[in-house]
Amino acid sequence: MDTSVPHSARVWNFLLGGKENYEVDRRAAEQFQAMFPQIVDIALADRAFLGRAVRHLAGEGGIRQFLDIGTGLPTMDNTHEVAQRVAPESRIVYVDNDPLVLTHARALLSSSPEGVCDYIQADLRDPGGILERAAETLDFSRPVGVMLLGIMHFVHEDQEAQLILRRLMDAVPSGSYLVMTHATLDFDAGETAQEEAQAEWNQKSANPMVPRGRDAIRSFLEGLDVLEPGVVSMSRWRPEHTPWGEPKEVAGYAAVARKPS
């Protein structure tokens with residue numbers, strides 16, 4: 001575990017108000033936030049989208065198994081907590097490549113008595129290894145919700161990203177879902193310092209990222225049935241109604257797609 005450079009999971013934890021981070025992560029988060037204050041809105045919108053998407057899958061979608069890759073450090077309303085509130089028998093496998101994440105996950109994330117939580121230390125770039133170990137907990141003959149929130153932008157080559165997604169979705173049956181969020185610069189239009197903050201992060205971080213546009217993210221979903229409203233800002237994916245109207249867009253895309261028959 002390298003604590004001399006900021007790590008995305010620990011920085012994200014800090015932005016969400018968590019305490020599982022180091023001074024180097026807090027400094028990086030504060031510097032990024034000083035340049036691009038909207039990063040906090042993005043972090044909160046990503047977490048809120050997770051809740052809405054998992055509730056939909058566990059409710060209307062009838063999903064009882066979730067493979068959450070790039071889970072990050074535990075905060076509030078983690079995947080299993082949301083799913084098991086809807087269906088206590090839900091089974092969840094969390095995957096991350098940061099040993100700190102897995103240490104805290106095992107300590108803090110406990111399943112309902114009816115369900116199961118398991119934790120795998122593995123890298124997204126090894127989908128075969130992830131699937132092999134996840135099969136000890138999940139039944140891949142039954143639909144699975146594959147969660148990839150805020151992780152695909154760490155795969156720099158589009159072709160590699162597409163191969164990873166194809167390998168994961170080929171392993172799950174019809175009726176499974178893919179849930180994704182992804183960093184983008186599409187909503188910036190030069191009006192903020194997002195691009196500059198992003199470049200500085202990539203210089204300093206152990207986890208440089210590649211924001212992508214809507215068309216690139218749509219291409220990742222080819223062959224799947226994309227649920228309405230399509231590939232949209234995370235805050236605009238089926239938002240909960242409030243007296244204040246539609247939420248403002250944030251600089252991150254979200255999509256939920258179903259594997260057809």
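The values are calculated or read from the model by the stated rules, or taken from the named source; none is laboratory data. All of these numbers come straight from a predicted model, not from anything done at the bench. Virtual Cβ from ideal backbone geometry, glycine too; neighbours counted across all protein chains shown. Ligands, DNA and RNA are excluded from the accessible area calculation, which covers all protein heavy atoms including side chains. Shrake-Rupley method; radii C 1.70, N 1.55, O 1.52, S 1.80 Å.
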Rounded to the nearest 0.05, what FRET efficiency do Glu89 and Ser4 have when you use their Cβ-Cβ distance and R0 = 30 Å? 0.10
At a Förster distance of 41 Å, what's the computed FRET efficiency of Val40 paired with Ser141, Cβ-Cβ distance as r, to 0.05? 0.50
Which of the lysines could a cross-linker span from Lys19 if the Cα-Cα distance has to be under 23 Å and same-chain partners fewer than 8 positions apart are dropped? Lys204
Portion, in percent, of the accessible area of the chain that falls on carbon or sulfur, probe 1.4 Å: 49 percent
Amide proton proximity set for Val116, modelled H, under 5 Å, gap of 5+: Arg91, Ile92
Residues whose built amide H sits under 5 Å from the amide H of Gly145, excluding neighbours closer than 5 in sequence, are Gln65, Phe66, Leu67, Tyr177
Rg/Rh over Cα atoms for segment 116-217, Kirkwood Rh, comes to 1.03
Out of the GluC sites (Glu not before Pro) in segment 1-95, which ones are loop residues according to DSSP with at most 14 other C-beta atoms within 10 Å? Glu60, Glu89
Go ahead and set up a Gaussian network model of the chain, Cα springs under 10 Å, then flag whichever of Ser233, Ser112, Ser141 fluctuates most. Ser141
Could you tell me which chymotrypsin sites (Phe, Trp or Tyr not before Pro) in segment 73-152 are loop residues by DSSP with no more than 15 other beta carbons within 10 angstrom of their beta carbon? Phe140
For segment 80-119, the fraction of alpha-carbon pairs in successive 10 Å shells from zero, as %: 34, 49, 17
Find, among the GluC sites (Glu not before Pro) in segment 131-197, those assigned to loop by DSSP (not H, G, I, E, B) with at most 16 other beta-carbon atoms within 10 angstrom. Glu136, Glu157, Glu191
With every protein chain kept in place and ligands, DNA and RNA left out, what is the accessible area per residue of segment 151-221? Probe 1.4 Å, answer in Å². 45 Å²
Hits among aspartates and glutamates - C-alpha to C-alpha of Lys259 under 14 Å, sequence gap 8 or more where chains match: Asp170, Glu222, Asp225
Accessible area per residue, Å², segment 58-115 with all protein chains present, probe 1.4 Å: 39 Å²
How far, in nm, would the chain grow between Gln31 and Ser261 when pulled straight, counting 0.36 nm per residue and subtracting the alpha carbon separation? 78.1 nm
Using alpha-carbon positions, the gyration tensor of the chain gives root eigenvalues a ≥ b ≥ c; with a/c under 1.5 called rounded, otherwise prolate if a/b exceeds b/c, else oblate, the class is rounded
